[in-house]
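Beneath this line is the structure, given in structure tokens, with notes to follow.
The values are calculated or read from the model by the stated rules, or taken from the named source; none is laboratory data. A quick note: this is a predicted structure, and the numbers were derived from the prediction, not measured. Methodologically, a virtual Cβ is constructed for each residue, glycine included, from the backbone with ideal geometry; neighbour enumeration extends over all protein chains shown. Each accessible area value is taken on the protein alone, full model and side chains, heavy atoms only, with ligands, DNA and RNA left out. Shrake-Rupley method; radii C 1.70, N 1.55, O 1.52, S 1.80 Å.
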Amino acid sequence: MKIQFTETVLRDANQSLIATRLPFSKFEPILGELDKAGYYSLECWGGATFDSCLRYLDEDPWERLRKIRKACPNTKLQMLLRGQNLLGYKHYPDDVVRKFVAKSVENGMDIIRIFDALNDMRNIEVAVDETIKRGAIASGAICFTISPIHNLESYVKVGKQMRDMGVATITIKDMAGIMGPAEAYDLVKALKEEVKLPVVVHTHCTTGLGTATLLKAAEAGADVIDTAISSFSGGTSQPPTETMAYMLRQAGFEVGLDTNVLKTINDFFKPIQAEYLKSGQLNPVVMGTDSDALVYQVPGGMLSNLVAQLTAQNRMDKFQEVLEETPRVREDLGYPPLVTPMSQMVGVQATANVLAGERYKTVSKEIKAYLRGEYGQAPGKINEEVRKKILGDEPVFTGRYADTLEPGFEKAKAEIGAKARSEEDVLSYIAFPAQAEAFFDRREAREKNTYSYAFKQV
Ligand code: CO
């Protein structure tokens, strides 16, 4: 039996523990070792890395990708892409999605893991298609959630739809760390048997289930697991690479990782961990275990948002009521997986319902857009009474939302003009307009030597 590893230290671990604040210069010296460790892939881009580069780190994300590519010629590079939303939450037109995927591959990406928050396949099909056309590996990611309508059968159905689109692998994406070992075992087995594609498992240690979940996933036949080098593992991050390698070797798996190289990598990241702890950017709380999510079936991040909202309004006395209202709102909305942005939208609505003393008296524009069908197809049935109360007789959109959008690349290119020096720049501008434009201005000023380096490097 063979098991392979995807190392997440440069992306998800970095994002989950320190809000993606690792600048390239910080991890540059270890790229050569990361390339030698024997990983299946290095997750290093996408998710929040792109935004963070432009907004906080004064880095060109595309240049970061090219530099990683150059330093890691032997290991596959991987990114996370939110289907039609790319790296954000709004839908982009198809020409933009295709261009973004094409440029990602051209700049060095090997594997693009593509998901949609609602598991609506219409929202990933264009990104998957372009990934395959460009010769990269498309992995279809299923958002794992727990609800009365999500079960093995429904996940297998999604897996088969992804297979029919031509994805090379299926990823189980447990963004909240709520998938237990038994669930992982059954799900991996079902997907392997019925979809017959390699299965990758992604989880988080938030609730403490992570290592056991990956072990059982491996026993069920998972081909790849996501882990983080130990000093950047645990808590809201992934299970530790070295520990999983040790555990799986003991269980009789062939683990293609070099233990000595892993030690070198971890020795490199240890002082960085210490530094971020000292600066306060790494909060020890996120490294611990929070089992509340198992009690409430609500992701940890969502719970802390609820507490923050209620504390800000001095209404923590309503916490229990809001917690009870949350699953009811979710049910009304057809059981969307509680992943960003749905988790925030559901949480805010549950709070509003309780504090107003009347359900759906005030409703956010996001919830309205969701009910209009603009996010895609809800996994389950939407409560029609609720929809009627909120939208009245407004028609509901049942098509693929991106079909309603005009092409966007050329328009954006004209808009940003000479500040964008490449098509990559135009894509940065499309993804994060204000941040990208500010970055272009700083770049210009820096080159003219008129720019005082205002960004604090950490
Ligand atoms: Co994750």
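Of 438, 362, 418, whose Cα points farthest to the positive end of the dipole of segment 349-448 (charges on the beta-carbon: +1 Lys, Arg; -1 Asp, Glu; origin at the Cα centre)?
After comparing all options, I get 362.
What part of the accessible area of segment 1-106, given as a whole %, is carbon or sulfur when the probe is 1.4 angstrom?
Ligands and nucleic acids excluded, carbon and sulfur give 46 percent.
To the nearest whole percent, what portion of all C-alpha pairs in the chain is separated by more than 35 angstrom?
30
Skip the ligands, DNA and RNA, and give the accessible area per residue of the chain with a 1.4 Å probe, whole Å².
41
Calculate the dipole size of the chain relative to its Cα centre from +1 charges on Lys and Arg beta carbons and -1 charges on Asp and Glu beta carbons; express the result in debye to the nearest 20.
Value, rounded to 20: 520 debye.
Can you give the net charge of the other residues whose Cβ lies under 15 Å from the Cβ of residue 229, counting K and R as +1 and D and E as -1?
Here the count lands on -4.
Which ³J(HN,Hα) values, rounded to whole Hz and listed in residue order, are derived for segment 10-22 from phi using the Karplus coefficients 6.51, -1.76 and 1.60 in 6.51 cos²θ - 1.76 cosθ + 1.60 with θ = phi - 60°, glycine and proline given as x?
These are the phi-based 3J(HN,Hα) values: 7, 10, 5, 5, 4, 6, 6, 9, 10, 6, 6, 9, 6 Hz.
Considering the zone a paramagnetic label at residue 313 would reach in this model (a point 7 Å from Cα along the Cα-to-Cβ line), which residues of segment 336-366 have amide N under 18 Å from it?
343-366
If I model a spin label at residue 152 and residue 297 as a point 7 Å from the Cα along the Cα→Cβ vector, what separation in nanometres do I get?
Going from the residue 152 label point to the residue 297 one covers 1.9 nm.
Calculate what fraction, in whole %, of the accessible area of segment 156-282 sits on carbon and sulfur atoms when a 1.4 Å probe is rolled over the protein chains.
C and S atoms contribute 54 percent here.
My understanding is that a pair violates if its Cα-Cα distance is over 32 Å; which of 157/263; 99/388; 67/411 do that in this structure?
The answer is 157/263; 99/388.
Cα gyration tensor of segment 280-406, axes a ≥ b ≥ c as square roots of the eigenvalues: rounded (a/c below 1.5), prolate (a/b > b/c) or oblate?
prolate
Kindly provide the helix-only [θ] at 222 nm of the chain, computed as the sum of -39,500 (n - 2.57) over DSSP H runs of four or more divided by all residues, to the nearest 500 deg cm²/dmol?
Taking each H run of at least 4 residues, the total per residue is -14000 deg cm²/dmol.
Among 181, 155, 170, flag the residue with its Cα farthest along the positive direction of the charge dipole of segment 149-190, charges on Cβ as +1 for Lys/Arg and -1 for Asp/Glu.
Of the listed residues, the answer is 170.
Give the cross-link partners of residue 365 among the aspartates and glutamates, using a straight C-alpha distance below 15 Å as the criterion and excluding same-chain residues fewer than 8 apart.
Result set, ordered by chain and number: 374, 394.
For residue 334, list long-range residues whose amide hydrogen, built 1.01 Å from N in the peptide plane, is under 5 Å from its own amide hydrogen.
Hits under the 5 Å cutoff: 383.
So how strong a dipole does segment 1-72 carry about its Cα centre when Lys and Arg Cβ are +1 and Asp and Glu Cβ are -1, to the nearest 20 debye?
140
Does segment 245-339 classify as rounded, prolate or oblate by the C-alpha gyration tensor (a ≥ b ≥ c root eigenvalues; a/c under 1.5 gives rounded; else a/b over b/c gives prolate, otherwise oblate)?
oblate
With a ≥ b ≥ c taken as the square roots of the eigenvalues of the C-alpha gyration tensor of segment 212-295, please select rounded if a/c is under 1.5 and otherwise prolate if a/b is larger than b/c or oblate if it is not?
Taking the square roots of the gyration eigenvalues as a ≥ b ≥ c, segment 212-295 is oblate.
Specify which residue in the list 77, 34, 47 is farthest towards the positive end of the charge dipole of segment 1-107, using unit charges on the beta carbon of Lys, Arg (+1) and Asp, Glu (-1), about the Cα centre.
The listed residue farthest towards the positive side: 77.
State the percentage of accessible surface on segment 334-450 attributable to carbon and sulfur atoms; use a 1.4 Å probe and exclude ligands, DNA and RNA.
Answer for segment 334-450: carbon and sulfur cover 51 percent of the accessible area.
With contacts defined as alpha carbon pairs under 8 Å and 6 or more residues apart, what's the relative contact order of segment 233-326 in percent?
With pairs under 8 Å counted, the relative contact order is 24 percent.
In square nanometres and to one decimal, what's the mean projected area of the convex hull around the Cα atoms of segment 158-240?
4.9
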